[in-house]
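Structure first, then comments.
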Amino acid sequence: MSEAVSNDVRTRLQWSLLALRLGVFIVMFVWTLDKFVNPGHSIAIFEKFYSIPGLGETVAYIMGALQLILVLAFVAGIKKRFTYGLIFLMHGGSTLSALGQYLDAFNNLLFFAAWPMWAACFVLYFMRDQDTKFTLGN
């Protein structure tokens, strides 16, 4: 492979990984904001999907603050092994916690969007060393 082709492939890969990172960030950021804007919603989700009742607003705010730090570090590409890995695990937990929703597929179609996003999280983790476009760390 010529050097020009190799550089072109590398450039395309970097832009593609950036697009995935930004797409995952948008979803995770809105989920994070939801913990601040509507903590009751987060409390209800933890109760329904994770069988954790009665978290309370303070816990929702603390989880939101911690998640905000993680999501911002993720989009900035800081400590990729850690941040990309945690995002992959968090989204995987969210995806798998909704298994019951997939059994009634046609009444829960939006839940299926979690699977390609989880795949994107996997690609970002797996290809983290190549994801260098607009990152601050390693």
Residue with peak Gaussian network fluctuation, the chain [Cα springs, cutoff 10 Å], from 19, 113, 44: 113
Ellipticity estimate at 222 nm from DSSP helix runs (n ≥ 4, -39,500 (n - 2.57)) divided over the chain, nearest 500: -25000 deg cm²/dmol
Prolate/oblate/rounded call for the range 1-42, Cα gyration tensor, a/c under 1.5 rounded: prolate
In nm, spacing of pseudo-spin labels at residue 107 and residue 122 (7 Å Cα→C-beta vector): 2.9 nm
Net charge over other residues, Cβ less than 15 angstrom from the Cβ of residue 59 (K, R count +1; D, E count -1): -2
With Cα atoms, 0 to 90° folded angle of helix 3-37 axis to the chain main axis: 20 degrees
Phi-based couplings in Hz for the range 77-82 (Karplus 6.51, -1.76, 1.60; Gly and Pro marked x): x, 8, 6, 4, 4, 6
Estimated vicinal HN-Hα couplings, Hz - the range 61-66 in sequence order (Karplus 6.51, -1.76, 1.60; Gly, Pro = x): 5, 5, 4, x, 5, 5
Charge sum, other residues only, whose C-beta stays under 9 Å from residue 135's C-beta, Lys/Arg counted +1 and Asp/Glu -1: +2
Neighbourhood charge, 14 Å Cβ-Cβ cut-off, centred on residue 124 and excluding it, Lys, Arg +1 and Asp, Glu -1: +4
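None of the figures in this text is laboratory data; all of them are computed from the coordinates on show. Just so it is clear, the structure is predicted and the values come from calculations on it, not from any experiment. Methodologically, a virtual Cβ is constructed for each residue, glycine included, from the backbone with ideal geometry; neighbour enumeration extends over all protein chains shown.
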